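The values are calculated or read from the model by the stated rules, or taken from the named source; none is laboratory data. Just so we're clear, the structure is a prediction, and the values are computed from it rather than from any experiment. For neighbour counting, all protein chains shown are included, and Cβ atoms are generated from backbone atoms with ideal geometry for every residue, glycine included.
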Amino acid sequence: MLVSVGRRPNSDNIGLDRAGVNTNPQGWIQTDKHMATNVPGIYSIGDVTGPPLFAHKASKQGIVAAESIAGMKTEADFRTIPWAIFTDPEIASTGLTESQAKEKGYDPITGKFPFTALGRALLAGETEGFVKVVADKNSELVLGVHIVGPEASDLISEAALAIEMGATLQDIEWTIHPHPTLPEALMESAAAAKRRAIHILQK
């Protein structure tokens, strides 16, 4: 069972009003792509800047803020931010879900590959779960990847890189993955989206 009650910013009573730093009605500190607030010289990173609330996002924001303060040409331009839940089995995701893709005007197609059909998962005795890829039907651009299963928190990084680099289904399918490994499931799911998977039955 996973219970999540949500979080809210603890930005009251720290002097933001006296400093003149803008927050939205929910209390999240407002920043631009350089992590600068509306007050010159004041930057903000992390959960207090608003969702998604992840340590790895905050770390990247910190780098952008430091580079901006140092006068470097940089900005927070995140195409996707992966996340993981360390349950058993693990859950990880990056990019758009199928319904979110439809809401954004895409005509999505999906490919799904179960760990029950993956050699490395069978060897490890961890066959629960699947990898699902969401792509645009016309361009085959990868829009999202969702994983439930062994080492999902590690597997999601390849998916995030694919989205960040603007990869297509073909890019992932044609990338040779070592065998037997868990990342093969991503390659197989990309093939499944085009009904080209050879290790599962497809209609």
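List the number of the failed condition for LYS33; all other conditions in (1) basic (Lys, Arg); (2) closer than 30 Å to GLY129 by Cα; (3) at pLDDT 95 or above hold.
(2)
Among the residues of region 98-117, write down those that are under 23 Å from the mean Cα position of the chain (by Cα) and over 16 Å from LEU169 (Cα atoms).
SER99, GLN100, LYS102, GLU103, LYS104, GLY105, PRO114, PHE115 - these are the residues of region 98-117 that are under 23 Å from the mean Cα position of the chain (by Cα) and over 16 Å from LEU169 (Cα atoms).
Just name the residue that is farthest from ILE156 (Cα to Cα) out of those in region 53-73 that are surrounded by 14 or more Cβ atoms within 10 Å (Cβ to Cβ) and not hydrophobic (A, V, I, L, M, F, W, C).
It comes out as SER68.
Go through region 179-203 and count every residue that is under 18 Å from GLU126 (Cβ atoms) and either without any contact (Cβ under 8 Å) to a residue 12 or more places away in the chain or assigned to a helix (DSSP H, G or I) (or both).
5
Given the criteria surrounded by fewer than 20 Cβ atoms within 10 Å (Cβ to Cβ) and closer than 28 Å to GLU140 by Cβ, does PHE78 qualify?
Answer is yes for this residue.
Is it true that THR23 is β-branched (Val, Ile, Thr), surrounded by 14 or more Cβ atoms within 10 Å (Cβ to Cβ) and closer than 16 Å to ARG8 by Cα?
yes
How about region 33-50: which of its residues are part of a loop (DSSP other than H, G, I, E, B) and either at positive phi or touching a residue at least 12 places away in the same chain (Cβ under 8 Å) (or both)?
Selection gives LYS33, HIS34, MET35, THR37, ASN38, VAL39, GLY41, ILE42, SER44, ILE45, GLY46, GLY50.
Restricting to region 61-72, give me the number of residues that are in contact (Cβ under 8 Å) with a residue 24 or more places away in the chain, over 17 Å from VAL48 (Cβ atoms) and of a type in the set (A, V, I, L, M).
Residues meeting the conditions: 1.
Checking the condition among the acidic types (Asp, Glu), under 29 Å from MET1 (Cα atoms) and in contact (Cβ under 8 Å) with a residue 40 or more places away in the chain, which residue from GLU75, GLU90 passes? Spell out how you get there, then give the answer.
On the way: GLU75 fails: under 29 Å from MET1 (Cα atoms).
Of GLU75, GLU90, the one residue that is among the acidic types (Asp, Glu), under 29 Å from MET1 (Cα atoms) and in contact (Cβ under 8 Å) with a residue 40 or more places away in the chain is GLU90.
When both residues are 6+ apart or on different chains and their Cβ atoms are under 8 Å apart, which pairs have a first residue that lies in region 4-17 and is in a loop (DSSP other than H, G, I, E, B), and a second that is modelled with pLDDT of 85 or more and surrounded by fewer than 12 Cβ atoms within 10 Å (Cβ to Cβ)?
What qualifies is ARG8/GLN26; PRO9/GLN26.
Applying the selection to region 32-53, what residues are among the hydroxyl-bearing types (Ser, Thr, Tyr) and under 21 Å from the mean Cα position of the chain (by Cα)?
Hit for region 32-53 is THR49, nothing else.
Please determine whether any residue of region 32-47 is closer than 30 Å to PRO183 by Cα and surrounded by fewer than 16 Cβ atoms within 10 Å (Cβ to Cβ).
Within region 32-47, not a single residue is closer than 30 Å to PRO183 by Cα and surrounded by fewer than 16 Cβ atoms within 10 Å (Cβ to Cβ).
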